[in-house]
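Structure record follows, encoded as structure tokens.
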Amino acid sequence: MFRAGRACLAFPGIIGRMTTTATSAPELADAIRSLDLPAARARYLAQDEFLFLPRFLAGPLVDRMLTEVDRVRPLIHRNYIPRHKKGGSVSYYALTEHAPEIVSLYRSPATLQFVRDLVGAAVVPCPDRDPHSCALYFYTEPGDHIGFHFDTSYYKGSRYTVLVGLIERSSSRLVCQLYKDDPRGRPVVERRLATHPGTLVAFNGDKLWHAITPLGDNEERVSLTLEYVTDPSMHPLKRLFSNLKDSFAYFGVKTVFTGRPGAVRR
Ligand SMILES: [Fe+2]
């Protein structure tokens, strides 16, 4: 059985340099405590840095995050890229202003330690100027989807995605292809996953080839992603490219280049 106190010794020193004052929710600590972390890490590695934990965060914590999901709905920015993507997003900038529970989960020392121990790297949250750091993705209209892609790291180090399912009233599925372009020649394994509330999916963004299948009529799917990196620095040209991509594919030019999410209409 994994014990949080022991795991905190895995990457000593880094946790003390965090500037966050967030405290982890008791539900998060309970979820981590109830997980057999060595077994979870072994599964993560065997699946080429991918792990699926259904309903990991089920309970009141999810309900509090759902309250914040409803609060930021007026800030959803929708995009359509023919043959690749259609859907809505709410940036880290908006969540910082209007969703303290979600941002606390992202910046919680307990979450960070859990991710470090799972992936086996001294990751840190993305810089505050990254609108993808912690963001919500809304699939609310028929046909909303995203095509196959990697969560490519433009940072100097690796980038890990932790996806948390929040609303799953859909026939849409997270389709994951493990071992894509595997240097060891392992055949591709496809997983088609429903991300029910509280479900957690963790993966190395440069390794997992994944997509969201199109939403049906009268359906809804909302997920949260938390991004962590081993090195938060980025070459200025890659930062520019990343900002342009985020402007047109996700959050809009104004949000990305001014860092202003806009005000929630009451
Ligand atoms: Fe992705």
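For Glu219, nonlocal amide neighbours, meaning residues 5 or more places apart or on other chains whose placed amide H falls under 5 Å from its own, do not occur. With all protein chains in place and a 1.4 Å probe, the accessible surface of the chain carries 56 percent carbon and sulfur.
Taking a straight Cα-Cα cut-off under 20 Å and skipping sequence neighbours fewer than 8 places away in the same chain, the lysines within cross-link reach of Lys238 are Lys156, Lys207, Lys254. Karplus-based coupling profile of segment 132-146, in residue order and whole Hz: 7, 2, 8, 8, 9, 10, 10, 10, 10, 10, x, x, 4, 5, 9, with θ = phi - 60° in 6.51 cos²θ - 1.76 cosθ + 1.60 and x standing for Gly or Pro. Enumerate the aspartates and glutamates that Lys180 could reach by cross-link, defined here as Cα to Cα under 16 Å, with residues fewer than 8 away along the same chain left out. Partners found: Asp48, Glu49, Asp151, Glu190, Asp206. Charged side chains reduced to their Cβ positions (Lys and Arg at +1, Asp and Glu at -1) give segment 113-240 a dipole of some 460 debye around its Cα centre.
Segment 185-203 and segment 121-161 have Cα centres lying 16 Å from one another.
At a 10 angstrom cut-off on C-beta neighbours, averaged per residue, how do the peptides 66-76, 155-165 rank from highest to lowest?
Values: 66-76: 16.0, 155-165: 20.9.
Result, highest mean first: 155-165, 66-76.
Sort segment 112-225 into rounded, prolate or oblate with this rule: let a ≥ b ≥ c be the square roots of the eigenvalues of the Cα gyration tensor; rounded if a/c is under 1.5, and if a/c is not under 1.5, prolate when a/b is larger than b/c, oblate otherwise. Oblate, since a/c reaches 1.5 and b/c is not below a/b. Phi angles across segment 223-234 convert, under the Karplus curve 6.51 cos²θ - 1.76 cosθ + 1.60 with θ = phi - 60°, into 3J(HN,Hα) values of 9, 10, 10, 10, 10, 10, 9, 7, 9, x, 8, 8 Hz, Gly and Pro given as x. The residues of the chain have, on average, 45 Å² of accessible surface per residue, using a 1.4 Å probe with all protein chains present.
The values are calculated or read from the model by the stated rules, or taken from the named source; none is laboratory data. Computed from a predicted structure; not experimentally measured. Quick reminder, even Gly has a Cβ in these numbers, built from the backbone with ideal geometry, and neighbours come from all protein chains shown. These area figures cover heavy atoms from the full protein model, side chains too; ligands, DNA and RNA do not enter into them. Shrake-Rupley method; radii C 1.70, N 1.55, O 1.52, S 1.80 Å.
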